[in-house]
Amino acid sequence: MYVFDKVLPKDSEVSVWALQKFLLGEAEKLVGKKANDKEVFQPTFEKDGPFIRNRVQNDGAWAVLSNNAGGYWPTALYELAHETIHLLNPVVGYTNYLEEGIAVAFSIDLSKSETAHPMSPSNKYYQRALELVQLLPDGVYESAKRIRIKFGSLGNADPAGLKELFPTLSTKVAKELCSECNFT
């Protein structure tokens, strides 16, 4: 299990940065390296988090975590794990169900393995994204790694390319995985 600082996340930039580096390392082991042209910056906390914020120069991004995460380490890890998958190839706006599903799976798995208080989403879009990625034939992470090698990012995947990689994947699932996961 991850050893958390005794200071709250909102009061320890150093510890939150250490957690970000740990999660980035774990994500890269499972699904491949982050984009070379993008930098990951210090996470912050806001009432409307979690999400990622891209720099104006579009040379990198950082995770904006919720104020709840600022007061509780297991929530900080859960939210930051999810956002870390998005930080591998940050985009402006919504991504697809594929990337959201990988982010959900990673956040659940790291929450289970690294905290005493495992978390999972209640949001129907996240639940659907997770269901979809669990249908990938090579397992969630190995499939994600193969997809990132082929397309450069999860967000760039297209249904025809997914079918090339995974011939047994249904066309309907491939299309849904590549569709925008818009929560509005």
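Just so it is clear, none of the values below were taken in a lab; they were calculated from the coordinates. Predicted, not measured: the structure shown is a model, and the values here were computed from it. Positions of Cβ are generated from backbone atoms using ideal geometry, with glycine treated the same way; all protein chains shown enter the neighbour counts.
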In percent, how large is the relative contact order of the range 1-73, given Cα pairs closer than 8 Å and 6 or more residues apart?
34 percent
Cα axis of helix 73-87 to longest principal axis of the chain: angle in degrees, 0 to 90, nearest 10?
40 degrees
On Cα atoms only, tilt of 124-133 relative to the major axis of the chain in degrees
60 degrees
What label, among (i) 16.4; (ii) 18.4; (iii) 16.9, belongs to Kirkwood radius over Cα pairs in Å computed from the structure on display?
(i)
Please give the length that would be gained between Asn54 and Phe41 if that part of the chain were fully extended, namely 0.36 nm times their separation in residues minus their C-alpha to C-alpha distance (nm, one decimal).
3.7 nm
Set of lysines near Lys21 by C-alpha distance (under 18 Å), chain-local residues within fewer than 8 positions excluded
Lys10, Lys29, Lys33, Lys34, Lys38
Charge tally for neighbours of Gly139 with beta carbon under 13 Å away, counting Lys, Arg as +1 and Asp, Glu as -1, is -1
If the limit is 27 Å between Cα atoms, which of Lys6/Lys145; Lys47/Lys175; Lys145/Lys172 go over it?
Lys6/Lys145; Lys47/Lys175
The summed charge of the Ser15 Cβ neighbourhood (under 13 Å; Lys/Arg +1, Asp/Glu -1) stands at 0
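What order do you get for 96-109, 144-157 when each peptide is scored by the mean count of other beta carbon atoms within 10 Å, highest first? Kindly include the intermediate steps, with their values, before the conclusion.
Numbers: 96-109: 25.2, 144-157: 19.7.
In descending order of packing, they fall as 96-109, 144-157.
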